[in-house]
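Note sheet for the following structure.
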Amino acid sequence: MDAANPRALPAMHRLLSAPEAVLLAARHPRPALAAALRAELDALRRSGRGFTAASFFAAAEAALEAAARPGLRRVINATGVVLHTNLGRAPLPAAALAAIAAEVGGYCNLELDLEAGARGDRHAACAALLAELTGAEAGLVVNNGAAAMLLALSALAAGGEAVVSRGELVEIGGGFRIPEVIRQGGARLAEVGTTNRTRLADYAAAIGPETRLLLRVHQSNYRITGFTAAPDPAALAALAHAHGLLAVEDLGSGALLDLTRLGLPREPTLTGSIAAGFDLVVASGDKLLGGPQAGLILGRREVVGRLARHPLMRALRPDKLTLAALEAVLRLYRDPEGVVAAVPALAMLVMPREAVAARAMRLAALLPPGAAELVEGESLVGGGSLPGVALPTCLLALPGPAEALAARLRAGRPAVVGRIGGGRLLLDPRTVAEAEVETLAEAVRAALAA
Ligand SMILES: *Cc1c(COP(=O)(O)O)cnc(C)c1O
């Protein structure tokens, strides 16, 4: 079956018993192999090209390999965007991965109280940690921050009004808009103030018989600077309570650590919001917390209980993988000294430019001499967190047509994603793990040589 014969194409049964096919059958399911051979035959027939065993089976093998690759696969993030939503936001700490593998991959006590031998609460472990770490009375976890907001509004404001400042009617991305989520939660939006200035008196004037809660939304992904005003959070919470209303905050990024301790700009923390007197605070688990996608809910026991008992809770509840990872991440925060090194997203955020430069040089040394140029640049926090914060970094600029190089790197295994600037492909080692440097160098060498 090796002679090129432009006319007759071999029959399927002959193809399937060819030595090349027998080798492929050892690595791929027979139905997939048969389908790939049939597809190649069809392609040959359409093209009118002749049959050559070598190229025929090579094409079939390439198609089989492509089909066997997981759809969701590993990427080396060389963009320098630490919380890159398209790349899965926060890389999980080793402790979270270990918890998934060791504790919950098989059966686990998700809803079984092992001591009492009775039905347990899937939220118990994370809720206790959230309370311990923030000073909140109670906690709850849902699938993401958007779900937490939807649940909070549905449980606390349906049929009534939620008062929000015009400076906080944000769109987060992926179509999540505060006015729309309020409507979806069955509540009406009462806008107060202006884009740049909203005073406590504006909130007070908007309170009426229909008002259920005062909602504060963190301006996660943008900043209004200049002539601005917003009430002190504690004063806002006190105003709500003076009128028998709830004070709710969507904190977005949900930092647990005081970021100024790490040399980053001040970012409101979960602990700060609880201390300010908010009855309920919601945030994401995979932004500045550095954990899995999750919606964190914390606050007063009675208020969190209303969310837990709401029918939507059943639709928004997280699975055991999320809860195991989140619990492990929250445990890391019990050690304020060790947490930065243990949570990759935090470690990347605090990495000094010199350390990034050292990694860039190590990477450059693994490439052909002169292939890459080191240039200064900036990394971003991403994920709608800390907008306007640029972290000084050291980039590797690669020669050649940037788009084509980027496409070759994306097609690799593992895929590599960089960014294009000034017509060149740039790699930012800040978001590349130390253990990935050699793999990345290998991928770049292959892409440059192709
Ligand atoms: C990110 C964000 C959300 C949405 O959280 P997800 O976890 O992405 O669903 C909601 N509100 C604010 C203020 C945010 O920053």
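One table, with the values for the structure above:
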quantity	calculated
³J(HN,Hα), Karplus 6.51/-1.76/1.60, whole Hz, each residue of the range 435-450, x for Gly, Pro	5, 9, 4, 5, 4, 5, 4, 4, 5, 5, 4, 5, 5, 5, 7, 5
The chain: equivalent-ellipsoid semi-axes (sqrt of 5 x gyration tensor eigenvalues, Cα, Å)	49, 28, 22
Extension reserve of the residue 205-residue 376 stretch, reckoned as 0.36 nm per residue once the Cα distance is removed	56.5 nm
Cα→Cβ-extended label distance, 7 Å offset, between residue 321 and residue 107, nm	2.1 nm
Residue 192 long-range amide H proximity, modeled H, under 5 Å	164, 165, 166
Rounded Å value of the spacing that divides the Cα centres of the range 404-435 and the range 207-256	40 Å
Of 421, 299, 382, the one that fluctuates the most in a GNM where the chain has Cα springs shorter than 10 Å	421
Protein accessible area in the chain, 1.4 Å probe - carbon and sulfur %	55 percent
Linear extension gain, residue 183 paired with residue 58, 0.36 nm per residue minus alpha-carbon span	39.4 nm
CD proxy at 222 nm, helix term only [per DSSP H run n ≥ 4: -39500 (n - 2.57); per residue of the chain; nearest 500]	-11500 deg cm²/dmol
In nm, spacing of pseudo-spin labels at residue 219 and residue 411 (7 Å Cα→C-beta vector)	4.5 nm
Given charges at beta-carbon only (K, R positive; D, E negative), |dipole| of the range 157-233 in Debye	80 debye
Residues residue 23 and residue 445, FRET efficiency given R0 of 30 Å [Cβ-Cβ distance, rounded to 0.05]	0.60
Estimated D of the range 93-342 in µm² per second, where Rh is the Kirkwood radius over Cα pairs and Stokes-Einstein applies at 4 °C, 1.567 mPa s	70 µm²/s
Share, in percent, of DSSP beta bridges within the chain that are antiparallel, nearest 5	55 percent
Gyration tensor verdict on the range 369-415 (Cα atoms; rounded if a/c is under 1.5, prolate if a/b is larger than b/c, oblate otherwise)	oblate
Cβ charges +1 (Lys, Arg) and -1 (Asp, Glu), total dipole of the range 93-342, debye	440 debye
Simple Cβ-charge dipole of the chain, Lys/Arg +1 and Asp/Glu -1, about Cα centre, in debye nearest 20	1300 debye
Within the chain, longest stretch free of exposed chymotrypsin sites (Phe, Trp or Tyr not before Pro) [DSSP loop, at most 12 other beta carbons within 10 Å]	228-450
Compactness of the range 138-202 as Cα Rg over 2.2 N^0.38 Å, two decimals	1.17
Euclidean distance of C-alpha centroids, the range 307-354 and the range 143-172, integer Å	22 Å
Relative contact order of the chain, pairs being alpha-carbon contacts under 8 Å that are 6 or more residues apart, as %	19 percent
Accessible surface, the chain, averaged per residue in Å² (probe 1.4 Å)	46 Å²
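The values are calculated or read from the model by the stated rules, or taken from the named source; none is laboratory data. Since the structure is predicted, the reported quantities are computational estimates derived from the model, not experimental observations. Cβ coordinates were reconstructed from backbone atoms using ideal geometry, including for glycine residues, and neighbour counts include every protein chain displayed. Calculation scope for accessible area: heavy atoms of the full protein, side chains included, ligands and nucleic acids excluded. Shrake-Rupley method; radii C 1.70, N 1.55, O 1.52, S 1.80 Å.
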